[in-house]
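Okay, handing you the structure first.
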Amino acid sequence: MHDLVPFLAILAAIALGAASPGPSFVYVARTAVALSRPDGVAAALGMGIGGITFAALALLGLQAVLAQIAWLYAGLKLAGGLYLLLLAFRLWRSAGDAAVLPRGIGSRSPGLRRSFLLGLTTQLSNPKTAVAYASIFAALLPPAPPLWMILALPPLILLIETSWYTIVALVFSAERPRAAYLRSKRWIDRLAASVIGLLGLRLLVAAGRSG
């Protein structure tokens, strides 16, 4: 029973981290409102798979590895920052394009696989998320965790991450947010690109300082 407390604490910390604003939130919200609800949910699933990846790395001792190999962490920041800048550039460049939305809010988009993969890469591109996972596990995971905990954490983390971003997708794919997006697509896309770009620049600056 004493192992249940750190187990629940880890899940609570992961949930709070998922709910905090960042490039993942911006990408899922923009995908849901600009493309379709299924695209937003596909991106949310990509976020969940990314969460499982970070959880597995944390269980394998990512925090200890990054602490010993400073250049690896700097390299992760550099790669993540460059990816976010590329994503921001593409979003800014397409801001003036006409929006082509599916007819129905629940209609199927031909780009669900792409939305999933971009959601996954957006999640994995943020080394701060990787370090957050590693820090949570390092601080809260028992020194000798029972097998049930190791087996239960990954699927529950998938559920937490995917559920939160699915909620985001459902909210932003509703009629009113989509109508507002259509009215101001150019400026909303450029605002989203600016936010993602600034987060990418922060990672590049941090990589330079730690390099």
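Output the residues belonging to the range 167-179 that are loosely packed, with under 13 Cβ neighbours inside 10 Å and touching a residue at least 24 places away in the same chain (Cβ under 8 Å).
Once the filter is applied, which keeps residues that are loosely packed, with under 13 Cβ neighbours inside 10 Å and touching a residue at least 24 places away in the same chain (Cβ under 8 Å), the range 167-179 yields only Glu175.
Return the residues of the range 163-185 that are among the small types (Gly, Ala, Ser), farther than 22 Å from Ala88 by Cβ, part of a helix (DSSP H, G or I) and under 22 Å from the mean Cα position of the chain (by Cα); say none if nothing qualifies.
If the condition is that a residue be among the small types (Gly, Ala, Ser), farther than 22 Å from Ala88 by Cβ, part of a helix (DSSP H, G or I) and under 22 Å from the mean Cα position of the chain (by Cα), then Ser163 is the only one that fits.
Just need a number here: residues in the range 137-160 that are modelled with pLDDT of 90 or more and in a loop (DSSP other than H, G, I, E, B).
Residues that pass the stated criteria total 0.
Let me ask something else. Sort out which residues of the range 1-15 are over 13 Å from the mean Cα position of the chain (by Cα) and outside any loop (DSSP other than H, G, I, E, B), and write them in order of number.
Leu4, Val5, Pro6, Phe7, Leu8, Ala9, Ile10, Leu11, Ala12, Ala13
Here's another thing I want to ask about it. Given the residues Ile196, Ile188, Ile160, Ile150, which is the only one that is out of contact with any Gly (no Cβ under 9 Å at 6 or more places or on another chain), farther than 23 Å from Phe89 by Cβ and of a type in the set (Val, Ile, Thr)?
Result of the check over Ile196, Ile188, Ile160, Ile150: Ile150.
Let me ask something else. Pairs, please: C-beta under 8 Å, at least 6 apart or cross-chain, first residue at pLDDT 85 or above and in the range 2-17, second of a type in the set (A, V, I, L, M) and assigned to a loop (DSSP other than H, G, I, E, B)?
Once the first residue is at pLDDT 85 or above and sits in the range 2-17, its partners that are of a type in the set (A, V, I, L, M) and assigned to a loop (DSSP other than H, G, I, E, B) give Pro6/Leu141; Ile10/Leu141.
Is at least one residue of the range 35-53 at pLDDT below 85 and in a helix (DSSP H, G or I)?
Checked against the condition, which is being at pLDDT below 85 and in a helix (DSSP H, G or I), the range 35-53 yields no hits at all.
The values are calculated or read from the model by the stated rules, or taken from the named source; none is laboratory data. What you see is a predicted model, and the numbers here were worked out from it, not measured in a lab. When we count neighbours, we look across all protein chains shown, and the Cβ atoms used for this are built from the backbone with ideal geometry, even at glycine.
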